[in-house]
Every structure is written in C-alpha cells, then in structure tokens.
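Throughout, read-outs are computed from the coordinates displayed, never taken from laboratory work. Worth saying up front: this structure is predicted, and the values here are computed from it rather than measured. Every residue, glycine among them, receives a Cβ derived from its backbone with ideal geometry; neighbour counts consider all protein chains shown.
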Amino acid sequence: MKCPFCSFQEDKVIDSRLSRDGLVIRRRRECLECGRRFTTHERVEEVLPLVVKKDGRREAFDRKKIVSGIQKACEKRPISINLIEKVVERIEKRLQVEGNREIPSRSIGEEVMRELHKLDQVAYVRFASVYQDFKDINQFMHELREILKNERPK
C-alpha cells in the first residue's frame, strides 16, 4: 500500500475492524518511512458480467439501474427500499454464481420480473409492461389473465 503522504510502498497494519454490515474491513496503517497513519477500506471484489444490450453494445453491470427500475415499478406500493435492496442482492448473487463474463440485458430483466412476480403483482405488471414493451392493450390483458389464472385456488 502506497503511503498517501510520502508515497513509500511499505507500511504496517496497526488495527483492523470489520464494518457493521460485515462487508468491509477497515485497516489503520502506519507508514514505515514517515510514520504517519492512514486508513484503508478493504472489500471483496465482486466479479459481475458485462451486460450485452439489445443493440450489441457492452457495458459494465450497474446495480443502480436495477434498483431504479424496481423502485419505479414499486412506486406507491408497500415495499421498502430494504426489500428492494435484498431483491437486487439476490440477482447479483445469482449472476456471480453463474460466473458468466457476459450476460444479455434480457436475462437481467427476466430475473427482475421473476423477483417482482413473487414480491408484488402490481409492481410486476408495471415492470413487465415497460420491459416487454406491450404493443397494445391485448398483450397487457393477456399478461393480467395469466397472473389471475395462476393465483386462483385450485
């Protein structure tokens, strides 16, 4: 670790603490050259795939885009931001476990729809109507009928 004060490359760790959420380790370091102390934060590097867009462009996975899309779908619904964060964490974990270097944006959208279908039917329909780009009311009504058919007691 390079000292931020003198740029010397060697230091010693004098204290380590785990963050409250357990995802980050805070390390207090002391430079072996100038003796000044500084703090670093260490976290596991998340290996997430590149997202392949419909037009073939590739871009880095962006968690904020998924959170934003789900928040819009859940607007005025009784769903907390904590619940939304957990949904996004589950999606991210599945992507990490799969270990693919690239993933079509369509696959991420389908993951979001599966999660919303379990979480809230109204949010699911809102997201699906934008994501699937329903061309007319008949496509929309077909999706609603499918939901209702699957929800009826047998």
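Here are the numbers:
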{"item": "Cysteines, the chain, no other Cys beta-carbon under 4.7 Å", "result": "74"}
{"item": "Phi-based couplings in Hz for the range 31-36 (Karplus 6.51, -1.76, 1.60; Gly and Pro marked x)", "result": "5, 7, 9, 9, x, 6"}
{"item": "With Cα atoms, 0 to 90° folded angle of helix 105-119 axis to the chain main axis", "result": "70"}
{"item": "Relative packing of 77-83, 45-51, 87-93, which averages over residues the other C-beta atoms within 10 Å, highest first", "result": "87-93, 45-51, 77-83"}
{"item": "Relative exposure of 124, 131, judged by other C-beta atoms within 10 Å (fewest first)", "result": "131, 124"}
{"item": "For the chain, diffusion coefficient by Stokes-Einstein and Kirkwood Rh (Cα), 4 °C, 1.567 mPa s, µm²/s", "result": "68"}
{"item": "Solvent-free Debye scattering, log10 I(q)/I(0), computed from the Cα coordinates of the range 1-78 at q = 0.13, 0.17, 0.18 Å⁻¹", "result": "-0.69, -0.82, -0.84"}
{"item": "Formal net charge of residues neighbouring residue 70 (Cβ-Cβ distance under 14 Å; K, R +1; D, E -1)", "result": "+2"}
{"item": "Residues whose placed amide H lies under 5 Å from that of residue 50, excluding near-sequence neighbours", "result": "102, 103"}
{"item": "Cα long-axis angle, helix 121-131 against the chain (0 to 90 degrees, to the nearest 10)", "result": "80"}
{"item": "Hits among aspartates and glutamates - C-alpha to C-alpha of residue 12 under 19 Å, sequence gap 8 or more where chains match", "result": "30, 33, 42"}
{"item": "Principal-axis tilt of helix 63-73 within the chain, Cα atoms, nearest 10 degrees", "result": "30"}
{"item": "Charge tally in the Cβ shell below 13 Å around residue 59, where Lys, Arg are +1 and Asp, Glu are -1, residue 59 excluded", "result": "+4"}
